[in-house]
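Heads up, the thing below is written out as structure tokens.
The values are calculated or read from the model by the stated rules, or taken from the named source; none is laboratory data. Just so you know, these numbers come straight off a predicted model, no measurement behind them. Every residue, glycine as well, gets a Cβ built from its backbone with ideal geometry; the counts of neighbours run over all protein chains shown.
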Amino acid sequence: MITNTEHTDIVTENGIAFHEDVMLDLKHLKKVYPTPKGDYVVLEDLNLQIMKEEFVTIIGHSGCGKTTMLSMIAGLNEISGGNISVLGHHIKGPGPDRGVIFQAPSLMPWMTSLQNVMLGVNQVFPHATKAQRTDIAKYYLQKVGLEDAFHKKASDLSQGMQQRVGIARAFAIKPKVLLLDEPFGMLDSLTRGELQDILIEIWNKEKITAVMITHDVDEAIFLADRVVMMTSGPKAKIGDILNIDFERPRTRKAVLEHDDYYKYRKHLIDFLEH
């Protein structure tokens, strides 16, 4: 966890002090759902700082509030207490500075791959020419291996191909923060491995700050600079953080053969079984 003593680059923006290298800052975050039996507190006093260009994975038991936290960062779920800021700016709802990839890619089924990616690109780059916007969309579709499927309708694509469109769409809007909610959870293991490789390859090039929820311990280790472990709910918070010291760019083979791999794996499994 970053503390004020470790980083001295404090920048003031609109009277708010923040560290220049902190991209995403969650402070005393709280989420409460009122129920007939009283308030249900999902998250309480959750604090987390994520650095520029960092890839963080988040694991924890089902129901611990991981998706709730991610949707609050995305601006899709109201904050009950505390605040979330991107580069020192408190978020007040969804915005193009945060791209989201969901478990189900939520494409417009009647639109083509290209049209689905263009939806976001047109909104974020309204002053670019149509040709420039099309080039951006095509570039990212090529990056995810869909150069032959520009004009295929989303409804005609397999689940794995639809998720590729979702990845292309998220990167194409050039967000400051990429939020991923178990994006490979519904895919078979072969497709899952392919898409992890594609995701990390594009991320290595773009260096966008990424926050990803996963249930998969191996996925968490392979992708992340740090794995954040959440305590079980209610009143979930950050329970532990594990630094993953593998060099980048990584290959699956190098990670599996690394001396520390099984030590990291045991640490995470011990936490989840505790």
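Given the conditions (1) touching a helix residue (DSSP H, G or I) at 6+ places or on another chain (Cβ under 9 Å); (2) modelled with pLDDT of 95 or more; (3) among the small types (Gly, Ala, Ser), which single one is not true for GLY193?
For GLY193, the failing item is (2).
Against the definition (under 25 Å from PRO96 (Cβ atoms), basic (Lys, Arg) and either in contact with a strand residue (DSSP E or B) (Cβ under 8 Å, 6 or more places away or on another chain) or buried (at least 18 other Cβ atoms within 10 Å of the Cβ) (or both)), how does LYS176 come out, yes or no? Walk me through how you get there before you give the answer.
Values: under 25 Å from PRO96 (Cβ atoms): yes; basic (Lys, Arg): yes; either in contact with a strand residue (DSSP E or B) (Cβ under 8 Å, 6 or more places away or on another chain) or buried (at least 18 other Cβ atoms within 10 Å of the Cβ) (or both): yes.
Considered against the rule, which asks whether it is under 25 Å from PRO96 (Cβ atoms), basic (Lys, Arg) and either in contact with a strand residue (DSSP E or B) (Cβ under 8 Å, 6 or more places away or on another chain) or buried (at least 18 other Cβ atoms within 10 Å of the Cβ) (or both), LYS176 comes out as yes.
If I ask for residues that are small (Gly, Ala, Ser) and assigned to a strand (DSSP E or B), which ones from region 70-107 would you list? Full working, then the answer.
Step one: of region 70-107, the residues small (Gly, Ala, Ser) are 71, 74-75, 80-82, 85, 88, 93, 95, 99, 104, 106.
Answer for region 70-107, where residues must be small (Gly, Ala, Ser) and assigned to a strand (DSSP E or B): GLY81, GLY82, SER85, GLY99.
Considering only residues that are surrounded by fewer than 18 Cβ atoms within 10 Å (Cβ to Cβ), under 21 Å from MET212 (Cα atoms) and over 16 Å from the mean Cα position of the chain (by Cα), which ones fall in region 66-86?
GLU78, ASN83 - these are the residues of region 66-86 that are surrounded by fewer than 18 Cβ atoms within 10 Å (Cβ to Cβ), under 21 Å from MET212 (Cα atoms) and over 16 Å from the mean Cα position of the chain (by Cα).
Which of the residues belonging to region 49-106 are acidic (Asp, Glu) and in contact with a helix residue (DSSP H, G or I) (Cβ under 8 Å, 6 or more places away or on another chain)?
To start, the set of residues in region 49-106 that are acidic (Asp, Glu) comprises 53-54, 78, 97.
Selection gives GLU78 alone.
Take the residues of region 146-173 that are closer than 20 Å to GLY99 by Cα and small (Gly, Ala, Ser): which is nearest to the chain's Cα centre (by Cα)?
Ranking the qualifying residues of region 146-173, first place goes to ALA170.
Filter region 136-175 for residues that are free of Cβ contacts under 8 Å to residues at least 40 places away in the same chain and among the basic types (Lys, Arg); which is nearest to PRO109 (Cα to Cα)?
Ranking the qualifying residues of region 136-175, first place goes to ARG164.
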